[in-house]
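Structure first, commentary second.
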Amino acid sequence: MSDAVTANVTVPGANGLHMVPCSLIAQRASKFVCQITIRKGNTTADARNIFELLGLGAAEGTDLECKASGEDASQAVASLVDLFESGFEGHAHRTSN
Amino acid sequence: MKLNEFVVADAIVPDLQAASKEDAIRVMVASLKSSGAIPEADEEGIVAAILKREELGSTGIGNGVAVPHTKHPSVDRLVATVGLSKAGVDFASLDGEDVFILFLLVSPPDRPGDHLRGLENISRHLRDQTFCSFLRQSSTKQDIIDLLDEADGNQPSK
């Protein structure tokens, strides 16, 4: 029923996963009911928790694993992969912070 | 990167009196200026840049915490200060709650890695409820410095 769905993503943008991308990830993740985590090496963050996402300290080019389990896991992972691949577009380019 | 490597001890505001988000940012930037961490001539520019960043989305990220920040060419290394508001400040936070703990960061534009490591470090500590609770109970600069030292894994330095 709740087999985990995973996908690998790479951090875009020279600024890495700073506050704007982390906020966007948390917002996007909150639209789903499944559990979603983002993992960098041995550190795992709840994708809805900005503190944990920022705590990854993921710089540009870092490989991350996005993992979800629950009823809408596939959609959630696909949606987050889209977000990474868009380069957090529509927001990231507006901020140099 | 440790907290006490970029938090400017002299610029800490243990009893932040601010009626609004803009007030809070102004007081904290002024404190960085008074401590010599940023040039006086750039104070207004830094305040404006931080306010502009807030327009993109509040840096009030929940748990009573806000991390207003900007990049600015007037600094050649990441500098930050801490402000504690007893009354709470309406920061238009993501969770709708007032903020009581503020970390304000100014970083050089050409060093995104430092900015990210600063945010990483602060976030790791601020997701710890015990740390937040002790921080909110701090009433002097020294209390806060000791707490940051402890969080950094150091013995409090006297």
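Just so it is clear, none of the values below were taken in a lab; they were calculated from the coordinates. Here the structure is a predicted model, which means the values were calculated and not measured. Ideal geometry is used to build each Cβ from the backbone, glycine not excepted, and the neighbour counts take in all protein chains shown.
Is one or more of the residues making up region B:131-144 in contact (Cβ under 8 Å) with a residue 12 or more places away in the chain and touching a Gly at 6+ places or on another chain (Cβ under 6 Å)?
Pass one, region B:131-144, residues in contact (Cβ under 8 Å) with a residue 12 or more places away in the chain: B:131-132, B:134-136, B:138-141, B:143-144.
Now narrow it down to the ones that are touching a Gly at 6+ places or on another chain (Cβ under 6 Å): none.
Within region B:131-144 (the criterion being in contact (Cβ under 8 Å) with a residue 12 or more places away in the chain and touching a Gly at 6+ places or on another chain (Cβ under 6 Å)), the answer is no, since none of the residues qualifies.
Output the number of residues of region B:98-125 satisfying the condition of being more than 12 Å from the chain's Cα centre (by Cα) and either away from every other protein chain (no Cβ under 14 Å) or among the basic types (K, R) (or both).
4
Please determine whether any residue of region B:1-8 is in contact (Cβ under 8 Å) with a residue 24 or more places away in the chain and closer than 15 Å to B:I101 by Cβ.
Yes, because at least one residue in region B:1-8 is in contact (Cβ under 8 Å) with a residue 24 or more places away in the chain and closer than 15 Å to B:I101 by Cβ.
When B:E43 is evaluated against the numbered criteria (1) of a type outside the set (A, V, I, L, M); (2) closer than 16 Å to B:V82 by Cβ; (3) touching a Lys or Arg at 6+ places or on another chain (Cβ under 7 Å), which criterion, by number, is the only one it fails?
(2)
Does region B:66-84 hold any residues that are away from every other protein chain (no Cβ under 13 Å) and buried (at least 24 other Cβ atoms within 10 Å of the Cβ), and which are they? So that I can check it myself, show each step before the final result.
Within region B:66-84, the subset away from every other protein chain (no Cβ under 13 Å) is B:74-77, B:79-84.
Passing the criteria: B:A80, B:T81, B:V82, B:G83.
Which residues, counting only those in region A:39-74, are touching a residue at least 40 places away in the same chain (Cβ under 8 Å) and of a type outside the set (G, A, S)? Show your work before the answer.
Filtering region A:39-74 down to residues touching a residue at least 40 places away in the same chain (Cβ under 8 Å) leaves A:57-74.
Selection gives A:E60, A:T62, A:D63, A:L64, A:E65, A:C66, A:K67, A:E71, A:D72.
Would you confirm, using the coordinates I've provided, whether B:S35 is surrounded by fewer than 16 Cβ atoms within 10 Å (Cβ to Cβ) and farther than 19 Å from B:R111 by Cα?
Details: surrounded by fewer than 16 Cβ atoms within 10 Å (Cβ to Cβ): yes; farther than 19 Å from B:R111 by Cα: yes.
So B:S35 passes the test.
Which condition does B:T130 not pass, out of (1) among the hydroxyl-bearing types (S, T, Y); (2) in a loop (DSSP other than H, G, I, E, B); (3) within 23 Å of B:I145 (Cα to Cα), if it passes all the others?
B:T130 satisfies every listed condition except (2).
Is one or more of the residues making up region B:96-110 farther than 26 Å from B:F134 by Cα, surrounded by 14 or more Cβ atoms within 10 Å (Cβ to Cβ), touching a helix residue (DSSP H, G or I) at 6+ places or on another chain (Cβ under 8 Å) and not aromatic (F, W, Y)?
Within region B:96-110, one or more residues are farther than 26 Å from B:F134 by Cα, surrounded by 14 or more Cβ atoms within 10 Å (Cβ to Cβ), touching a helix residue (DSSP H, G or I) at 6+ places or on another chain (Cβ under 8 Å) and not aromatic (F, W, Y).
Please name all residue pairs, on different chains or six or more residues apart, with Cβ atoms under 9 Å, provided the first residue is in region A:16-36 and is among the small types (G, A, S) and the second residue is assigned to a strand (DSSP E or B).
Listed pairs, sorted by first residue: A:S23/B:I61; A:A26/A:D46; A:A26/B:I61; A:A29/A:I36; A:A29/A:I38; A:A29/A:D46; A:A29/A:A68.
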